[in-house]
Amino acid sequence: MKNKYLKGAHLSERKFKEILRLFADDLTATQIANISGVSRVTINSYLKKLRHQIARYCETQHPAPVPVLTYDSRPSDLTPDHDSDTLVAVKPEVDRIVKPVIFGICRSSDRLHTEILPDVSRSMIHAATRGRSVLETQGAAERLRRFNGLVDLGQYRLYRLGQTSETHQMDDVDAFWGLTKHRLAKFKGLNRNTAYLHLKECEYRFNHRNDDLFMVLLELLKIYPLTLS
């Protein structure tokens with residue numbers, strides 16, 4: 001069946017566009033499956049591939065070279081009440097043991113960009129926000145200065161680094177974090193294996209907040225169609 005947006009799928013182009021429009025409207029996989037009549041397993045597969053494509057596009061738009069993160073492709077253990085794209089909440093007692101997911105937010109031109117920082121710790125964030133020189137010895141100060149803000153997803157907290165005097169830049173950072181918090185709360189928390197994909201989706205949605213996201217996604221997939229392997 002011919003489908004220029006999804007290669008190798010036994011799904012009509014019309015049905016795929018319906019699924020894509022529901023995704024653009026920010027519905028969950030379960031909601032999309034119920035409305036479209038396509039199984040939730042299939043919807044999850046399509047959405048994961050779509051998020052990978054969105055992440056790749058965002059990487060090409062980043063103002064500085066960003067290392068491509070590797071994803072854990074192994075299926076995670078999920079309870080029957082959760083979609084495979086659902087984020088699992090990080091509880092405080094677990095958060096003290098598991099290394100938190102920390103990412104930076106920077107504004108370049110009229111866009112926001114994000115980068116997960118696996119080598120940045122909470123103590124380094126606290127040092128950066130207080131201007132402590134200990135960061136110099138850790139070799140992280142210069143890197144952190146590129147960002148307008150840092151987010152600790154384990155604590156759902158934004159730290160403003162204050163290296164810019166332009167209020168509108170921090171307004172955009174605050175607005176982006178508000179969108180991201182809302183979306184992660186809707187998905188019931190955080191799964192470390194999919195955090196990067198969801199973060200890049202939030203970045204993509206925010207940067208196209210004034211556009212018709214459905215049409216933007218169609219244009220993206222015309223150039224970089226999804227492929228079922």
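Could I have the simple spin-label model distance between T227 and H208, label points 7 Å from Cα toward Cβ, reported in nm to one decimal?
2.1 nm
Check which residues have an amide H placed less than 5 Å from G149's amide H, if you skip close sequence neighbours.
I105, L161
Which residues among region 188-226 fall inside the zone where the amide N is under 17 Å from a point 7 Å beyond the Cα of L179, along Cα→Cβ?
Counting only backbone N, you get 196-218, 220.
Looking at region 1-66, which trypsin sites (Lys or Arg not before Pro) are in a loop (DSSP not H, G, I, E or B) and have at most 15 other Cβ atoms within 10 Å? Working shown, then result.
On the way: sites: K2, K4, K7, R14, K15, K17, R21, R40, K48, K49, R51, R56; in loops: K2, K4.
Passing sites in region 1-66 are K2, K4.
For region 194-207, what does the Karplus curve 6.51 cos²θ - 1.76 cosθ + 1.60, with θ = phi - 60°, yield as ³J(HN,Hα) per residue in whole Hz, taken in order and with x for Gly and Pro?
Per-residue couplings from phi come out as 10, 4, 5, 5, 5, 5, 5, 5, 4, 4, 5, 5, 5, 5 Hz.
Expressed in nm to one decimal, what extension gain is obtained for the pair D25 and V41 from 0.36 nm per residue of sequence separation less their Cα-Cα distance? The partial results should precede the final answer.
On the way: separation 16, 0.36 × 16 = 5.76 nm, distance 1.96 nm.
Roughly 3.8 nm would be gained on extension.
At R0 = 22 Å, how high is the FRET efficiency between K49 and M215 if r is their beta carbon distance? Nearest 0.05 is fine. All intermediate terms of the calculation are to be shown ahead of the outcome.
Values: r = 20 Å, r/R0 = 0.89.
That gives a FRET efficiency of 0.65.
For R192, enumerate residues with amide H under 5 Å from its amide H, sequence gap 5+ or separate chain, H modeled in the peptide plane.
For R192, whose amide H was placed from the backbone, there are no distant partners under 5 Å.
Apply the Karplus curve 6.51 cos²θ - 1.76 cosθ + 1.60, θ = phi - 60°, to the phi angles in region 32-42 and return the couplings in whole Hz, x for Gly and Pro.
Listing the rounded values in order: 5, 4, 5, 6, 7, x, 8, 4, 5, 4, 5 Hz.
Using Cα pairs under 8 angstrom and six or more residues apart, how large is the relative contact order of region 1-50, in percent? Spell out each step's value before the answer.
Values: 33 pairs, mean separation 10.5, N = 50.
Relative contact order, region 1-50: 21 percent.
Every read-out reported here was derived from the displayed coordinates using simple, explicitly stated rules and does not represent laboratory data. It should be emphasised that the depicted structure is a prediction, and the values quoted were computed from it without experimental measurement. Cβ: placed from backbone, ideal geometry, glycine included. Neighbour counts: every protein chain shown.
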